[in-house]
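Notes to accompany the following structure.
The values are calculated or read from the model by the stated rules, or taken from the named source; none is laboratory data. A quick note: this is a predicted structure, and the numbers were derived from the prediction, not measured. In this analysis, Cβ positions are derived from the backbone assuming ideal geometry, glycine residues included, and neighbour counts consider all displayed protein chains. Quick note on the areas: whole protein, heavy atoms, side chains included, nothing else; ligands and nucleic acids left out. Shrake-Rupley method; radii C 1.70, N 1.55, O 1.52, S 1.80 Å.
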Amino acid sequence: MAEAVIHPSSAALERDARHMHDDKPVSAGNIAIGVIIGRTSEFFDFFVFGLGCVLVFPRLFFPFAPDPVTATLYSFAIFSLAFLARPVGSFVFMWIDRNYGRGTKLTTALLILGGSTASIAFLPGYESIGMWAIALLALFRLGQGFALGGAWDGLASLLAMNAPQNRRGFYAMIPQLGAPIGFALASILFGYFVYSLSDADFLSWGWRYPFFVAFAINVVALFARLRIVASHEFGEALENHELEAKPITEMLRVHGFDVVIGAFAPLASFAMFHLVTIFPLSWVTLYGGQSPAAFLFVQVLGALVGFATIVLSGFLADRLGRRQQLLIGAVIIAIFSFSAPFLLDAGSTGQAAFIILGFAILGLSFGQASGSVSSRFTQAYRYTGSALTSDLAWLIGAGFAPLVALGLASNFGIIFIGGYLISGAICTILALVLSRTIDTVDVPAKR
């Protein structure tokens with residue numbers, strides 16, 4: 001008689017930890033802090049790589065390119081690889097989750113994420129080992145994306161489940177705060193080294209420090225997440241099948257249409273995302289207007305504005321409803337697309353206006369993007385469905401944005417980035433029109 005295969009799993013340890021903390025309930029505030037720390041670590045890793053694609057990699061890994069624009073396009077092609085690997089990571093790590101436990105999944109994913117990012121800091125350039133340098137850079141970038149697929153922890157859903165009925169829009173925006181925080185931290189680090197070091201020293205060793213820091217941030221994020229995973233509230237949600245990992249093929253049979261709609265619903269904000277973070281730095285670096293160091297600090301200011309408008313989006317969503325909030329955001333992005341190219345090409349003042357206005361608009365739309373993804377799925381499939389839908393939304397909306405935007409702007413004129421933005425806005429509007437259940441929060445009655 002064949003014996004059942006028993007996998008070593010962290011699930012038993014997680015249950016024991018929950019029993020130990022039965023008398024110490026985790027508040028929604030603590031869950032929110034864990035969510036923000038986790039998302040900050042993920043975005044920091046990705047933004048460190050994105051900034052490196054502009055400031056370092058074209059010269060270090062692609063010195064053979066015929067011109068700086070082509071070298072930067074090569075870097076952006078490597079940048080896109082992570083978004084292709086992310087759905088694969090979700091598929092593999094969902095299996096790990098079901099067989100080995102959520103703690104094992106998160107620990108493995110974050111160690112791969114931090115390890116891949118930190119390993120980039122040790123890479124020699126093309127002049128030292130030739131094409132192997134590019135191959136290793138691509139491998140570690142794939143590692144980042146693969147690991148990010150496994151970093152989906154369900155804490156944002158847990159936070160939403162603990163939200164009061166009339167404040168779900170506010171709680172939905174909390175995970176999104178990790179984006180401006182992660183971008184600001186990465187920009188400050190790079191800005192400091194670009195400003196303080198000579199070009200030779202920065203290219204030799206200065207750029208490597210932000211990649212080292214990423215590993216430390218991931219360790220802090222791992223402990224913050226495991227603390228919530230070991231809570232009684234998280235265990236209760238698992239027992240109720242609210243945060244349970246389902247096979248992706250099974251989820252697609254039940255919610256295939258919802259995955260497609262959910263992937264396109266936040267497309268306006270995701271298309272906007274890299275057009276106010278990574279792409280404009282490449283444009284300023286290649287075509288001038290101000291120094292990269294000065295522009296990085298302008299972007300930090302923009303990130304602070306984006307942080308404020310993400311918070312504002314939560315209040316607006318609770319007043320207007322999430323669907324209306326996303327529609328308004330898409331319309332504003334469409335309007336902004338007509339002026340964005342002229343601002344970015346109007347010198348330092350215009351570039352600063354592009355960043356501040358762009359981040360402000362991004363925050364209003366991006367603040368409710370995660371809520372639009374998760375609200376379409378039934379309880380049993382919400383965890384898995386939200387993970388895969390988010391992966392696809394990032395892939396379609398943001399993964400190729402720097403590459404496409406720089407290619408279009410360099411070859412046909414900067415006016416074409418406006419077309420890229422408006423196409424994302426149109427996709428969002430169409431997805432919201434087709435959607436019938438995306439707005440699960442009724443507009444509250446007027447007081």
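If you take the residues of the stretch 48-80 that are polar (S, T, N, Q) and in contact with a Cys (Cβ under 8 Å, 6 or more places away or on another chain), which of them is farthest from Leu408 (Cα to Cα)? Going through the qualifying residues, I end up with Ser75.
Just for helices (runs of 4 or more DSSP H) wholly inside the stretch 51-153: which have at least 1 residues that are among the hydroxyl-bearing types (Ser, Thr, Tyr) and buried (at least 18 other Cβ atoms within 10 Å of the Cβ)? Before you say what the answer is, go through the steps one by one.
Details: elements: 57-60, 68-100, 102-120, 126-129, 131-150.
Of the helices (runs of 4 or more DSSP H) lying wholly inside the stretch 51-153, those with at least 1 residues that are among the hydroxyl-bearing types (Ser, Thr, Tyr) and buried (at least 18 other Cβ atoms within 10 Å of the Cβ) span 68-100, 102-120, 126-129.
Of note, Leu326 satisfies the criterion of being farther than 30 Å from Thr72 by Cα and surrounded by 24 or more Cβ atoms within 10 Å (Cβ to Cβ).
In the condition set (1) closer than 20 Å to Phe83 by Cα; (2) within 19 Å of the chain's Cα centre (by Cα), Gly363 is compliant with all but (1).
In the stretch 353-371, the residues that are open to solvent by 10 Å² or more (accessible area, probe 1.4 Å) reach residues that are aromatic (Phe, Trp, Tyr) with C-beta atoms within less than 6 angstrom, at least six apart or across chains, in these pairs: Ile361/Phe336.
For the stretch 292-305, does any single residue satisfy the condition of being over 20 Å from the mean Cα position of the chain (by Cα), within 23 Å of Phe44 (Cα to Cα) and among the small types (Gly, Ala, Ser)? Yes, that holds for at least one residue.
Just give me the residues in the stretch 154-170 being touching a Leu at 6+ places or on another chain (Cβ under 7 Å) and either modelled with pLDDT of 80 or more or in a loop (DSSP other than H, G, I, E, B) (or both), in sequence order. Answer for the stretch 154-170, where residues must be touching a Leu at 6+ places or on another chain (Cβ under 7 Å) and either modelled with pLDDT of 80 or more or in a loop (DSSP other than H, G, I, E, B) (or both): just Gly154. Of all positions in the stretch 212-235, at least one carries a residue that is at pLDDT below 85, open to solvent by 60 Å² or more (accessible area, probe 1.4 Å), assigned to a helix (DSSP H, G or I) and of a type in the set (Lys, Arg). Give the stretch 254-282 a look and list any residue that's modelled with pLDDT of 90 or more and farther than 24 Å from Ala330 by Cα, or say none. Correct list: Ser282 only.
What residue, among those in the stretch 343-352 that are part of a helix (DSSP H, G or I) and not polar (S, T, N, Q), is surrounded by the fewest Cβ atoms within 10 Å (Cβ to Cβ)? Full working, then the answer.
So the first thing to find is which residues in the stretch 343-352 are part of a helix (DSSP H, G or I), and the list is 343-344, 347-352.
Then drop every residue that is not not polar (S, T, N, Q), which leaves 343-344, 347, 350, 352.
Details: Leu343: 21, Leu344: 26, Gly347: 12, Gly350: 15, Ala352: 20.
Filtering the stretch 343-352 for residues that are part of a helix (DSSP H, G or I) and not polar (S, T, N, Q), the one surrounded by the fewest Cβ atoms within 10 Å (Cβ to Cβ) comes out as Gly347.
Are there any helices (runs of 4 or more DSSP H) wholly within the stretch 246-307 with 3 or more residues that are touching a Cys at 6+ places or on another chain (Cβ under 6 Å), and if so which? Outline the logic, then answer.
Values: elements: 248-264, 267-275, 278-287.
Counting at least 3 such residues, we get no helices (runs of 4 or more DSSP H) at all.
Remark: Asp345 matches the filter, which requires a residue to be over 22 Å from the mean Cα position of the chain (by Cα) and within 30 Å of Val298 (Cα to Cα).
With respect to (1) at pLDDT below 90; (2) closer than 22 Å to Val404 by Cα, the lone exception for Ala334 is condition (1).
State yes or no: is Gly358 modelled with pLDDT of 90 or more and assigned to a helix (DSSP H, G or I)?
yes
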